[in-house]
Amino acid sequence: MTKPIIELKKADLTLGDGASSVHVLKGMDLIVQRGESVGIVGPSGSGKSTLLMVLAGLERVDSGEIHIDGNPIHAMSEDQVADFRGRNVGIVFQSFHLIPNMTALENVAVPLELAGRSDAFAVARDELAAVGLAERLTHYPGELSGGEQQRVAIARALAPHPAMLIADEPTGNLDTETGKQIADLLFKEQADRGMTLLLVTHDHKLAARCQRQVRVRSGEILKEENTDDKAAAVA
Ligand SMILES: Nc1ncnc2c1ncn2[C@@H]1O[C@H](COP(=O)(O)OP(=O)(O)OP(=O)(O)O)[C@@H](O)[C@H]1O
Ligand SMILES: [Mg+2]
């Protein structure tokens, strides 16, 4: 059996101090295989975004282990985690997180340039063309629709060819039709690149498009459902 891309063991995290402290992750275990798509669902405040942040190395756990492709990111320094994330993890947020005074092309190319890529602008052009934005390279985020801004964010996330893409409610700010187009793009890229996709969503239809669903409640993973098995059982 091949090594899982994600191995989360007894991840425990409390955020905030004193009276406002919240036990956000209560000893979570999660294993995800390379190339899988996993929908993460659960009520507001249950810890879904925090789980993604921990897997991306953007939030540290108090105890437990996080192995990404066999690399123990819980044991790395901040600099090592940042470097690892830049090469292996793509992240897409609900609110796009583009830099407003950079063009679409610069938003994708500059992070690559900072990572030392001499072909940053050529790669960025190709990635933007792949998400259907070849005609929008010199537009600023404020001159793009929400769906187009999310495409730029996806191109930026995909440009380093990460082994895994983490998306936190990527369609949450989009209308139904635009959201569907963005979801189609994410699943197409996941399949084409053999990439692992972790998708947090409140949209049950979208979650059901993933191969597997993970349900989070009050900082715990409740149960796992195999979407394929469920579909087979219904058929
Ligand atoms: N810095 C912090 N200090 C204290 N509590 C925090 C902090 N950050 C998050 N929390 C709490 O942790 C819990 C989990 O938050 P998280 O953002 O992971 O939830 P979520 O499942 O993504 O919710 P939503 O579906 O609304 O996005 C929430 O109750 C939140 O208030
Ligand atoms: Mg959230």
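With more than 16 Å from ligand 1 (Cβ to nearest atom), within 25 Å of Val38 (Cβ to Cβ) and either modelled with pLDDT under 95 or touching an Asp or Glu at 6+ places or on another chain (Cβ under 6 Å) (or both) as the only criterion, which of Ala153, Ala159 stands out?
Answer to the check: Ala159.
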Looking at Val24, is it surrounded by 14 or more Cβ atoms within 10 Å (Cβ to Cβ), more than 20 Å from Pro162 (Cα to Cα) and not basic (Lys, Arg)?
yes
State all residues of the stretch 64-94 that are touching a residue at least 60 places away in the same chain (Cβ under 8 Å), touching an Asp or Glu at 6+ places or on another chain (Cβ under 9 Å) and surrounded by fewer than 15 Cβ atoms within 10 Å (Cβ to Cβ); if no residue qualifies, say none.
Gly70
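Does Glu220 count as surrounded by 14 or more Cβ atoms within 10 Å (Cβ to Cβ), more than 17 Å from the chain's Cα centre (by Cα), acidic (Asp, Glu) and at pLDDT 95 or above?
yes
I need the full set of residues from the stretch 111-120 which are hydrophobic (A, V, I, L, M, F, W, C) and surrounded by fewer than 17 Cβ atoms within 10 Å (Cβ to Cβ), in order please.
Taking the stretch 111-120 first, the residues hydrophobic (A, V, I, L, M, F, W, C) are 112, 114-115, 120.
Passing the criteria: Leu114, Ala115.
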Among the residues of the stretch 170-217, write down those that are over 13 Å from the mean Cα position of the chain (by Cα), assigned to a helix (DSSP H, G or I) and in contact (Cβ under 8 Å) with a residue 60 or more places away in the chain.
His204, Leu206, Ala207, Ala208
Having 2 or more residues that are more than 20 Å from Pro72 (Cβ to Cβ), of a type outside the set (A, V, I, L, M) and more than 16 Å from ligand 2 (Cβ to nearest atom) is the bar; report the strands (runs of 3 or more DSSP E) wholly within the stretch 1-49 that clear it.
22-32
Which residue pairs have Cβ atoms under 7 Å apart, sit 6 or more places apart or on different chains, and have a first residue in the stretch 46-63 that is farther than 14 Å from Gly219 by Cβ and a second that is part of a helix (DSSP H, G or I) and of a type in the set (D, E, K, R)?
Ala56/Arg85; Gly57/Arg85
Identify the single condition in (1) touching a helix residue (DSSP H, G or I) at 6+ places or on another chain (Cβ under 6 Å); (2) more than 16 Å from ligand 1 (Cβ to nearest atom) that Leu206 does not satisfy, given that it satisfies every other one.
(2)
Identify, please: which residue in the stretch 180-203 is within 16 Å of ligand 1 (Cβ to nearest atom) and surrounded by 21 or more Cβ atoms within 10 Å (Cβ to Cβ) and is, among those, nearest to Gly35 (Cα to Cα)?
Leu198
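The values are calculated or read from the model by the stated rules, or taken from the named source; none is laboratory data. All of these numbers come straight from a predicted model, not from anything done at the bench. A quick note on method: Cβ atoms are made from the backbone with ideal geometry, for glycine too, and the neighbour counts reach across all protein chains shown.
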